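A.B. asks: To start, I am sharing the structure in question, which I have written as structure tokens.
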Amino acid sequence: MLKKTVNLIIAAFFISSVASAQNNLKLWYKQPAAKWTEALPLGNGRLGAMVFGGVNEELIQLNESSLWSGGPVKTNVNPASPSYLPKIRQAVNNGDYQLASDLCKKMQGLYSQPYLPLGDIVIRQNILHKNPSAYYRDLNISNAIATTRFTSNGTTFKREIFSSAPDQVIIIRLSASKSKQLNFTVGTRSVLHYQKQVVSGNQLLLKGKAPAQADPDYYHENKEPVIYEDTAGCNGMRFQLRIKAVSRDGNITTDTSGIHVQNASEVLLIVSAATSFNGFNKCPDKEGKDENAIAKNLLEKAEGKGYPALLDNHLQDYHHYFNRVSFTLKDSVLNRSSALLPSDERLKQYSDGRPDAGLEALYFQFGRYLLISCSRPGGLPANLQGLWNKELRAPWSSNYTININTQMNYWPAEPTNLSEMHQPLFGFLEDLSATGKITAKEFYDLPGWVAHHNSDVWALSNPVGNVGQGDPMWANWAMGANWLCRHLWEHYQFTKNTRFLKDTAYPLMKGAVQFTIGWLVEDKDGYLVTSPSGSPENLFINEKGKQGSIAQASTMDMSIIRDLFAHFTEAAQILGVDQPFRDTVIAKQKKLYPFHIGKKGNIMEWYKDWADVDPHHRHVSQLYGLYPGNQISPITTPELAAAARKTLELRGDEGTGWSKA
């Protein structure tokens, strides 16, 4: 009996501690967002919203994860590509790195397509006083709900918004503390081509078509960077956005300018959306899904449930993932006053050097919140901006940048107990391996599969550059598939799911290994090296004082391959398969070009001890073996660990990105 009582006390204390830690998890502000980066993000893995919290005019910017320009990847776009590989390698061997870089452009394909915004919801609310009192907005990441609240002329108005994963809709509830005080118009718009249509007296529909082709924001060679028409009827997916207003009182009318609500006490706006995307290898137009039926069905099902059930479904689903981890840090300076500040003021104090353990814990949980919001089982993986984008041609196309960014998105998945959120990435890798097999053959005449630094919803895998206009510094890096295979292995390590290892991870890893064995060549000392090779987005200064980016055996390349080979051979042993091939890989692994320590005591980034054009570059690619790899350790490789430390000291904190992860 005593043991049972003690267990109950411990359980109650644990639950109380978790609840206390989770209750403080809010981003909150005393003013509306003035720009997009100040808006609050909501998402269910597919539908995203950025909530600005305006008073007279609320802006909610929307995204749907499958809404991209373009269509399935074109094949045979550069049939001469394989013929240039021997010439590039000869140029590298001759030390003519500029010629090698120029020739790499001869091995490029088309650019990836951009991720697109769906549209905006604009709520224009009639407020008597333009400067209301008691303004407050927050994002409660314990519940994944954004709230805006303010008082005008004695009435408190509130908007509560969440993006429901189980019901696949966005819910907006508007309420007033006094009856019949809600008067507003809900309108829609989009930067894409669209039409609006009145469905009924309380429902508005916006439908349109995505561009058949859109260039990256950094590419300016075409007079028409965005093209909507595709005479083949393939490219350019259709999309649809529906909004329905439900209220117990007041008057609701609808025309193409919006849904007009007058004299209501509480109004529920149900938002559904869908596209015709039907897979990476299907024409989104002529082979697309019925986006009209999907959006209509989702909205009708949600309306039939009512707000209490919708909210309960949302909370149960979200808490199932989020509440697995409670995280607190001891406040050694007892800086409790910071917790009472709005988030922008609190962050400013922290940036000025004031310790804030609570803010650090909030930051940790905010990362988990974002991953839950932008990557859900059965959906698409998180892109360069997660789920949220407002631009027609977003920075770097908001695509899948797989030379660091996609991987960083998923670094928290397993360690923070969000393993399921990893699944969209694995589904994407299966698509990428299909196009990657074609790329390996068409661009290199090699077996297996390969991917480079950029991809998109169509699983593009070729070196990008519009067939010769990309910078080889980033475009011709061929280690994307190999690095992504680490995520497969890490998922297995955390879950010990042998079926996943056998059916999903191992075939993908094996295909990447097959390409890599064909890709490696011997250097003058008999080591196996990659050639051509770069260190993502960085430049060197060679012994002749010339700048370059293409040589051989960058430290990152060799570290990634060492990682891949080690994981593959262990997986083959666990599964008891492919012993002859495993023996071949082990033999190759022993011949891989090793780490080298440079004259400054740092890990060398390049095949030779060259200087960096930018000593504080944002990437720290040469430290892949330290993290995410585990090839460098103070215990097992103390000299390399000391060199890694020196590398970080030399790089400094001026850059952003990986170096601060």
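Coordinate-derived values only; no laboratory data. All figures in this text were calculated on a predicted structure; none of them were measured in a lab. Here the Cβ positions follow ideal geometry from the backbone for every residue, glycine too, while neighbour counts run over all protein chains shown.
A.B. asks: Please work out the Cα convex hull volume for segment 422-548 and give it in Å³ per residue.
C.D. replies: Taking only Cα atoms, segment 422-548 has a hull volume of 136 Å³ per residue.
A.B. asks: Sticking with this one: Can you tell me the FRET efficiency between residue 99 and residue 649 if r is taken as the Cβ-Cβ distance and R0 is 45 Å, rounded to the nearest 0.05?
C.D. replies: 0.80
A.B. asks: Run the dipole for segment 176-334 about the Cα centre, Lys and Arg Cβ at +1, Asp and Glu Cβ at -1, nothing else charged, and hand back the magnitude in debye, nearest 20.
C.D. replies: 520
A.B. asks: With θ set to phi - 60°, apply the Karplus curve 6.51 cos²θ - 1.76 cosθ + 1.60 along segment 153-168 and write out the HN-Hα couplings as whole Hz, x wherever there is a Gly or Pro.
C.D. replies: Result, ordered by residue: 6, x, 10, 9, 9, 9, 10, 10, 9, 8, 10, 8, 6, x, 9, 6 Hz.
A.B. asks: May I pose another question? What Rg and what Dmax come out for segment 172-248 when only alpha-carbon atoms are used, in angstroms?
C.D. replies: Rg, Dmax (Cα atoms, Å): 18.6, 58.
A.B. asks: Moving on to the next point. Taking the Cβ-Cβ separation of residue 331 and residue 80 as r and a Förster radius of 60 Å, what is the calculated FRET efficiency to the nearest 0.05? Kindly include the intermediate steps, with their values, before the conclusion.
C.D. replies: On the way: r = 63 Å, r/R0 = 1.06.
Here the calculated transfer efficiency is 0.40.
A.B. asks: Additional query: Kindly express, to the nearest 10 degrees and within the range 0 to 90, the angle between helix 307-322's C-alpha long axis and the longest C-alpha principal axis of the chain.
C.D. replies: The helix 307-322 is inclined about 30 degrees to the chain.
A.B. asks: For segment 23-124, max minus min Cα coordinate along each principal axis, in Å, sorted largest first?
C.D. replies: Principal extents (Cα only, largest first): 65, 31, 26 Å.
A.B. asks: What FRET efficiency, computed as 1/(1 + (r/R0)^6) with R0 = 30 Å and r the Cβ-Cβ distance, is obtained for residue 339 and residue 408, rounded to the nearest 0.05?
C.D. replies: Rounded to the nearest 0.05, the efficiency is 0.60.
A.B. asks: Before rounding to the nearest 500, sum -39500 (n - 2.57) across all DSSP H runs of length at least 4 in the chain and divide by the residue total; then give [θ] at 222 nm in deg cm²/dmol.
C.D. replies: -10000 deg cm²/dmol
A.B. asks: On to the next question. For a distance above 20 Å, tell me the whole-number percent of Cα pairs in segment 543-661 that qualify.
C.D. replies: 48
A.B. asks: Say each of residue 281 and residue 87 gets a label point 7 Å from the Cα, pointing the same way as Cα to Cβ; how far apart are those two points in nm?
C.D. replies: So the label points at residue 281 and residue 87 sit 3.3 nm apart.
A.B. asks: Could you list, bin by bin from short to long, the percent of Cα-Cα pairs of segment 193-311 in 5 Å steps?
C.D. replies: All Cα pairs, binned at 5 Å, distribute as 2, 11, 16, 16, 15, 13, 10, 8, 6, 3, 1, 0 percent.
A.B. asks: Moving to a separate point now. Calculate how steeply helix 357-374 sits against the longest principal axis of the alpha-carbon atoms of the chain, using the helix alpha-carbon long axis, and give the answer as 0 to 90 degrees to the nearest 10.
C.D. replies: Between the helix axis and the principal axis of the chain, the angle is about 90 degrees.
A.B. asks: List 603, 586 from most exposed to least, where exposure is judged by having the fewest other Cβ atoms within 10 Å.
C.D. replies: Ordered by Cβ neighbours within 10 Å, fewest first: 586, 603.
A.B. asks: Check each of the GluC sites (Glu not before Pro) in segment 478-579 and keep only those in coil by DSSP with at most 16 other C-beta atoms within 10 angstrom; list them in order.
C.D. replies: 543
A.B. asks: Stick to Cα atoms and the Kirkwood definition of Rh, then tell me Rg/Rh for the chain.
C.D. replies: On the Cα set of the chain, Rg over Rh gives 1.00.
A.B. asks: Taking only the alpha-carbon positions of segment 568-625 and ignoring solvent, what does the Debye formula give for the base-10 log of I(q)/I(0) at q = 0.20 Å⁻¹?
C.D. replies: -0.78
A.B. asks: Something else about it: Sort all Cα-Cα distances of segment 262-363 into consecutive 5 angstrom bins from zero, then give the percent of pairs in each bin up to the one containing the longest distance.
C.D. replies: In whole percents, the pair-distance histogram is 2, 9, 12, 9, 9, 11, 12, 11, 11, 9, 5, 1, 0.
A.B. asks: Could you tell me which residue out of 113, 402, 302 lies farthest along the dipole of the chain toward its positive end? Charges go on the beta carbon: Lys and Arg +1, Asp and Glu -1, centred on the Cα centre.
C.D. replies: Looking along the dipole axis, the top candidate is 302.
A.B. asks: Tell me which aspartates and glutamates have Cα within less than 18 Å of residue 330's Cα, excluding those fewer than 8 residues away on the same chain?
C.D. replies: Correct list for residue 330: 356, 360.
A.B. asks: Against the empirical 2.2 N^0.38 Å scaling, what ratio does the C-alpha Rg of segment 309-403 come to? Working shown, then result.
C.D. replies: Numbers: Rg = 17.2 Å, N = 95, 2.2 N^0.38 = 12.4 Å.
It is 1.39.
A.B. asks: Under 37 °C and 0.692 mPa s, how fast does segment 96-148 diffuse according to Stokes-Einstein, given a Kirkwood radius computed over C-alpha pairs? Answer in µm²/s, whole number. Walk me through the intermediate numbers first.
C.D. replies: On the way: Rh = 17.8 Å.
D = 185 µm²/s.
A.B. asks: Does anyone have the angle between helix 638-651 and the longest principal axis of the chain? Alpha-carbon axes, 0 to 90°, nearest 10?
C.D. replies: Once rounded, one gets 60 degrees.
A.B. asks: Taking the Cα centroid of segment 229-248 and of segment 137-194, what is the distance between the two, rounded to the nearest whole Å?
C.D. replies: 23
A.B. asks: Hey, another quick one. Gain in length, residue 496 to residue 56, computed as 0.36 nm per residue apart minus the alpha-carbon separation, to one decimal in nm?
C.D. replies: 153.1 nm
A.B. asks: Ok, one more. Compute the separation of the alpha-carbon centres of segment 499-538 and segment 414-433 and state it in Å as a whole number.
C.D. replies: 21
A.B. asks: Counting other Cβ atoms within 10 Å of each Cβ, which trypsin sites (Lys or Arg not before Pro) in segment 439-527 have at most 10 and sit in a DSSP loop?
C.D. replies: Within segment 439-527, the qualifying trypsin sites (Lys or Arg not before Pro) (loop, at most 10 other Cβ atoms within 10 Å) are 496, 524.
A.B. asks: Sticking with this one: As an exercise, identify the trypsin sites (Lys or Arg not before Pro) in segment 580-661 lying in DSSP coil whose Cβ has no more than 10 other Cβ atoms within 10 Å.
C.D. replies: Working: sites: 582, 588, 590, 591, 599, 600, 608, 618, 645, 646, 651, 660; in loops: 591, 599, 600, 608, 618.
Here the sparse-neighbourhood loop sites are 599.
A.B. asks: Multiply the residue separation of residue 301 and residue 587 by 0.36 nm, subtract the distance between their alpha-carbon atoms, and state the gained length in nm to one decimal.
C.D. replies: Values: separation 286, 0.36 × 286 = 102.96 nm, distance 5.85 nm.
Full extension from residue 301 to residue 587 adds 97.1 nm.
A.B. asks: Would you work out the charge dipole size for the chain about its Cα centre, treating the Cβ of every Lys and Arg as +1 and the Cβ of every Asp and Glu as -1, and quote it to the nearest 20 debye?
C.D. replies: 1280
A.B. asks: Still on this structure, please answer the following. Considering the chain, which cysteines have no disulfide-compatible partner, defined as another cysteine with its Cβ under 4.7 Å away?
C.D. replies: 104, 374, 485
A.B. asks: Using Cα-Cα distances under 8 Å and only pairs 6 or more residues apart, what relative contact order does the chain have, in percent?
C.D. replies: Contact order relative to length: 14 percent.
A.B. asks: Measuring from label point to label point, each 7 Å out along Cα→Cβ, what is the residue 290 to residue 570 span in nm?
C.D. replies: Here the answer is 4.9 nm between the modelled labels.
A.B. asks: About the Cα centre of segment 124-204, what is the dipole size in debye to 20, counting +1 per Lys and Arg Cβ and -1 per Asp and Glu Cβ, all else neutral?
C.D. replies: Working: 11 positive and 3 negative charges, 69 e Å.
Roughly 340 debye, rounded to the nearest 20.
A.B. asks: Hey, another quick one. Using amide H atoms built 1.01 Å from N in the peptide plane, name the residues 5+ places from residue 169, or on other chains, whose amide H lies under 5 Å from its own.
C.D. replies: Close amide H contacts, sequence-distant or interchain: 164.
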